[in-house]
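Presented below is the structure to which this report refers.
The values are calculated or read from the model by the stated rules, or taken from the named source; none is laboratory data. Just so you know, these numbers come straight off a predicted model, no measurement behind them. Cβ atoms come from the backbone with ideal geometry, glycine included; neighbour counts cover every protein chain shown.
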Amino acid sequence: MKIYTKICDVVFNIMKWVVAVAMIFMVLLTFVEVIRRYFFHQNWVWSEVLVRYLIVWCTFLGGAAAYRVGALTNFDLVLQKLGRKSRAVLELVCTVLIIALCAWLTKLGMDSFNKPSIVSQISTELHISMRWVYLGIPVGFAAMVLFGVERLLKLIGELRAAPEKEAEQA
């Protein structure tokens with residue numbers, strides 16, 4: 001479990017830095033582009049498109065990172081009404097469902113990534129394959145699967161430890 005958590009930590013930190021650098025770059029590029037358009041009546045054709053492509057990557061990588069730290073929308077109201085064991089079981093079921101859904105979406109993203117229509121599609125402004133843009137989708141969902149498995153292992157460990165703690169307290 002410790003090795004798996006360390007792997008998740010490394011992936012998480014890389015994702016945080018990639019998203020942070022991409023966000024800073026997008027803000028700076030957009031700012032420069034506004035100045036260029038407003039004062040100089042010039043623009044870079046590629047800047048808007050690059051920002052749009054980076055938003056795709058930031059969305060999926062940032063979503064996976066947010067999932068790991070528990071920053072996504074959650075139904076706290078329901079969980080607070082349940083007992084500790086019931087809450088853990090519900091979280092376990094939800095985590096399994098999240099892993100299954102994200103694994104399926106990873107597969108769909110990879111299928112899309114490998115479609116001949118995507119493989120042959122080239123961005124007219126940046127002259128790069130659109131595969132690089134669409135790759136952000138399966139990468140983000142695969143990271144969510146990675147983090148979901150980490151969460152699942154923690155929950156299973158907590159459920160196993162719960163009866164031992166109750167026996168010690170009794």
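For this structure, a couple of remarks:
- Verdict on residue 136 being in contact with a Leu (Cβ under 8 Å, 6 or more places away or on another chain), within 23 Å of residue 11 (Cα to Cα), at pLDDT 90 or above and small (Gly, Ala, Ser): yes
- Only one entry of 142, 161 meets the criterion of being at pLDDT 90 or above, in a helix (DSSP H, G or I) and under 27 Å from residue 5 (Cα atoms), and that entry is 142.
- The residue that is farthest from residue 64 (Cα to Cα), among those in segment 1-46 that are polar (S, T, N, Q) and not in a loop (DSSP other than H, G, I, E, B), is 30.
- Extreme residue, surrounded by the fewest Cβ atoms within 10 Å (Cβ to Cβ), among residues of segment 103-133 that are of a type in the set (Lys, Arg) and modelled with pLDDT under 95: 115
- Within segment 19-31, tally of residues that are out of contact with any helix residue (DSSP H, G or I) (no Cβ under 6 Å at 6 or more places or on another chain) and either without any contact (Cβ under 8 Å) to a residue 12 or more places away in the chain or under 25 Å from residue 151 (Cβ atoms) (or both): 6
- The combined condition, being of a type outside the set (A, V, I, L, M, F, W, C) and over 21 Å from the mean Cα position of the chain (by Cα), is not fulfilled by residue 107.
Yes or no, residue by residue, for (1) aromatic (Phe, Trp, Tyr); (2) exposed (fewer than 14 other Cβ atoms within 10 Å of the Cβ); (3) modelled with pLDDT of 95 or more:
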site: 10; (1), (2), (3): no, yes, yes
site: 19; (1), (2), (3): no, no, yes
site: 29; (1), (2), (3): no, no, yes
site: 40; (1), (2), (3): yes, yes, no
site: 44; (1), (2), (3): yes, no, no
site: 47; (1), (2), (3): no, no, no
site: 57; (1), (2), (3): yes, no, yes
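- Extreme residue, surrounded by the most Cβ atoms within 10 Å (Cβ to Cβ), among residues of segment 59-85 that are aromatic (Phe, Trp, Tyr) and modelled with pLDDT of 90 or more: 60
- Matching residues in segment 112-124 - criterion: being in a helix (DSSP H, G or I) and over 14 Å from residue 139 (Cβ atoms): 116, 117, 118, 119
- Boolean, residue 100 is surrounded by 13 or more Cβ atoms within 10 Å (Cβ to Cβ) and in a helix (DSSP H, G or I): no
- The C-beta contact set for segment 132-145 (first residue farther than 15 Å from residue 55 by Cβ, second residue at pLDDT 95 or above and not in a helix (DSSP H, G or I), distance under 9 angstrom, 6+ apart or interchain) is empty.
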